[in-house]
Every structure is written in C-alpha cells, then in structure tokens.
1. Go through ALA138, VAL84, THR42 and say which Cα lies farthest out towards the positive end of the charge dipole of the stretch 36-140; charges sit on Cβ, +1 for Lys and Arg, -1 for Asp and Glu.
2. Order these by the 10 Å Cβ neighbour count, fewest first: MET124, MET12.
3. From the gyration tensor of the Cα coordinates in the stretch 54-140, what semi-axes in whole Å does the equivalent ellipsoid have, largest first, with each one equal to sqrt(5λ)?
4. Taking only Cα atoms of the chain, what ratio of Rg to Rh do you get with Rh as the Kirkwood inverse-distance radius?
5. Normalised by the residues of the chain, what does the relative contact order come to in percent, with Cα pairs under 8 Å and at least six apart?
6. Calculate for the chain the 222 nm mean residue ellipticity that helices alone would give, adding -39,500 (n - 2.57) per DSSP H run of length 4 or more and normalising by residue count, nearest 500 deg cm²/dmol.
7. What does the charge dipole of the stretch 444-546 about its Cα centre add up to, to the nearest 20 debye, if the Cβ of each Lys and Arg holds +1 and the Cβ of each Asp and Glu holds -1?
8. Take the alpha carbon atoms of the stretch 483-529, find their radius of gyration, then divide it by 2.2 N^0.38 Å using N residues; give the quotient.
Amino acid sequence: MDKIDGLMFRRMILSGARNLKKNADYVDSLNVFPVPDGDTGTNMNLSMSSGAAEVEPLDDMHIGNVGKHFSKGLLMGARGNSGVILSQLFRGFSKAIETKDEISADEFIEALKQGVNTAYKAVMKPVEGTILTVAKDAGKKAEEFNESNASVIDVMTATLEEAKASLKRTPDLLPVLKEVGVVDSGGQGLVYVYEGFLSALTGEEIAEDAAETDSPVIDDHDHENDFNDFMSVDDIEFGYCTEFMVRFEDGKREFKEDEFRNEMSGFGDSLLVINDDEIVKVHVHTETPGEAFTYAATYGELIKMKVENMREQFRTVHGDTNHAAEKQAYDTAIITVSSGEGINELFKSIGVTHVINGGQTMNPATEDIVNVIKGEDVKQVIILPNNKNIIMAAEQAAEVLEIPAAVVASTSIPEGLASMLSFNPEASLEDNKKAMSESLEHVQTGQVTYSVRDTKIDGVDIKKDQHMGIAEGKIITASDSRVDTLNTLIKKMIDEDTEIITILIGEGGTEEEVEAVIEDIEGTHEDVEFEIHNGAQPVYSYLISVE
C-alpha cells in the first residue's frame, strides 16, 4: 500500500478506537497509585470514541477532511491529561494533512512528526516515560523510512514495534513505574490505537469485543424517552440521568438484587437494574448522583460512569421557553469541577456560578466545560479544574470558548475553595487569575481513601483495602484503621504556621471519627482552628485542607 486516502484513514481511526475500547479496563489497571481512581483507559477511550464518532458517518475520499473531523471530535471529547495529549497528537497530525486528498508513506511520517511536536508544545512541563515519550520514539523510528520507498504498512509496522519497545522502557525513565511494577498507562493506550491502525491497513480489522456485545449486561433503556413525558423543565423532579456499572469484588457487600434495587430506588426514579454473575448495570434519575455512586461502590468497583443533566437536555431538545426567564447575565462566570452535593453547595455559597459534577473517575471533557455556559449571557470565564488530570482539558476549553477565559490551575477541591476566597468581582480577569493562583501556594491538601491492591510506593507498604493518607499527592501512611489514618495524616501535615484545618467528610467518613481526631490534636495544637463540612464526596472518606 503506497497511499492512505480518506476512506482508509476512517477505517484506521475506527479500528484504533475499537481496540482501545476493548482494552480500556487493562489500561485503567496500570494506575500507579493504588487508589480507586484509575481512569486513564476510560479517559482515552472516551476521547478516542468522540473522535471516531465524528468520522464514522463520513464517506469522504479526502483524507484532510477526515482528519479535520477526527481532530475536532478528539478536541471536544478530550478527558484527562491522557485524552488531551491524544487529541493534541492527532491535532498536529491532522493539521499536517489538511490540504491532502491522500498521503504517501513519507507524508504519513511527517504527519506523525508534526503530531509529536504539537503534543509536546501543549504540555508545559513534558515528562519523559509517558505517552509523549512513546509517541516521540515511535515517530523517530518512522523517520528512518524517509525516502526509502517503503510502503505505508512497513512504516506503520515499524512505528508500532517501536511504540511497544518504548513502552517497555518507560519504567527506566519514571522510577515510580519501576517501583510499582507497571508501564505507563497512557503509552499503553497509544499502543492499542496504533495496533488498530495497523490492523486496518493490513485488512485484519479488530472487531468489537464479543464478550461485551454478548453480555446480558446490556443497555435496553430508551434514552430518547428520558424526558419526553415532561411538559416543562420544572416538571423534572430528578434532574440527573445517572448510569454506571459495578464489577463485583470479593470482600465487598454480597449482591442481592432485591435489596440492591430497593436501596437504589431511594435515590430517584426511572430505575433500571440489569445484572449477571460479575456485573450489575444501573440506570437511575436522581438529584444526587454522588450518593448513588457511593452506595454502589460498597458492592465493588465502579466502571463506565455517566451523568447527564436532563434539565439542560430538555431545554436543548424542546427549546423550553421557561429557560429564557431563568437565564442570568454574568460579568464573570466561574466554572468549577466538583464531586459531592455538600462540596457543590460550598462552592455556590462562595460565588461559583456553574458546577460540573466530576473529578476522580469522572473527568469532564473539553466539550462539557464549554457547554456549561452555552447560551448564557457571559462576558468572561474563570475555570477551576480542581484536579491535575482536568487542567489540560480546562485549558483546551479556554481556547475553544469565544469569550475571554482564564484557568486557575487548582489541583484539588481544597485548593479550589481557597482560590475562591481571593476572587474579586471588581477586578480584571488577569488580576483575578493572578490573585487566585497565588492563593493556591498557601494550601496543603490531604486525602484519606482506600487501596485497591497490595503495593509498595514511596517507601510505604500498603495492603488491599487498607486506608491510606495522602498529602500533596504522596502516600505517607497506611493503616487498617480509618480514624488512625486521618489522625496520622493531619499530624504530619501540621507545622508551626498552621492556623486552620478544614475537613470535608465523604464516603465512609463520620463526624464521630473527626471529633475523636480533633480532640486528640487540640491537646498539642490548641491554637489551630477546625472547620468541618459534609462534602458527601465519593472515593475519598476525607478531604483535608491545611492553611
């Protein structure tokens, strides 16, 4: 094969997306930290699927047009750092071919090179041993075929082989990978995409996973009718269409369908529960998606989670006239990503105008951030991602928005809350970004969660299901006791300058445990003040802010 036209590139994209989808759970499992938030595979899959959805209906021989649609779909669907980097790789690739009807092997090599360059430029501080390294090494191998009269298949074969070899080398570049015994998850995801590309070129396209299509855990809910019975948006009692699957785990609560169904019905209506021996799939309309997730997680690992705002869907589909009266004008809209009804209310109480439900395990896409103010009268925007894995998607959204936008690079909920205290509605966008960003330097963030596997990291031996204390992204303690873990974590975070400690109680946490810890700490730190809030966040029993 000497050329790739639009139809072949479309086949490559769809094959790459299918292969990544089939292996997304494995990519998730490569998460370095043993916390229940491994979502690289999920993010890359959703990002790639968004790109594939844009090209699937096309019947276009012009490869540049196909590339343009692919790039747009990836850009708007990009989730998490891995998904954004993937979108940038193919943004550069598609830019290199935008004027071409078809491309030769040499032009394919140049497009790979441009993709790598674009991705590296998009990352402020590129880290070697990641998806970037795998893409770079594979691209350099492809360059060896320049002007060699090699076929496109030869180039793609060599590119894939080097991507696999580079992936194996990632633990040598990132010590934490070697310590835990895994390769880079984003790099593994890219390898699966490249495998799909090659299979399409050789005519051995990857089929949908038979186990997935044959599973009794299917989606037989008619989503088109989710809100057809409502006369107006005010009739929607439970506003969030919430879907997820639970993969049952040993040691978790025993699944009894009637009991599970009864408990889930308490969260809302339109409940659908389908299960087999390994997985249960749930659809429910609720006002509290986080609480539904928290309950379901007592049975096992949450996968394939999705939350959609039906009120917004209703307005979009039906052109609800009531919405015109609800619209508000904002000189500065502040968008924050948050998880937990209590935390959502906290943000709103201190000036946030728009909350996107998301965070760990639920990274919003670029498009989700853009759409939250779609149709609103907004002059400028500040975005608080509150998670390091959402910052790049937020920055990408700021570029897409047609109004001035700034990203305050908050990496946690406590940082986002602290930054809001520095917001001045009378100040300029630039001054607010500066002041809010500077406030992040005065906050230490801690979390208490549980381990999903045995491991040793940062010198701490951790057993599956133990509680872990994490400070500033580093695991510093692990224990069978959640209250002991919280106590140890806070004591290690306190120093002589500490004035205020804020504790947000989430999944599994209790006021009694917090009160016991406070009583102990106040004995030696009587000048420290404590603020306690019910955050209702999933995944993390406690979020701690030390200022």
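Read-outs throughout are calculated quantities, based only on the coordinates presented, and are distinct from any laboratory measurement. Since the structure is predicted, the reported quantities are computational estimates derived from the model, not experimental observations. Counting neighbours? That spans all protein chains shown, and the Cβs are built from the backbone with ideal geometry, glycine included.
1. VAL84
2. MET124, MET12
3. That gives 23, 16, 9 Å for the three semi-axes.
4. When Rh is taken as the Kirkwood radius, the ratio is 0.97.
5. For the chain, the relative contact order is 12 percent.
6. -14000 deg cm²/dmol
7. 840 debye
8. 1.10
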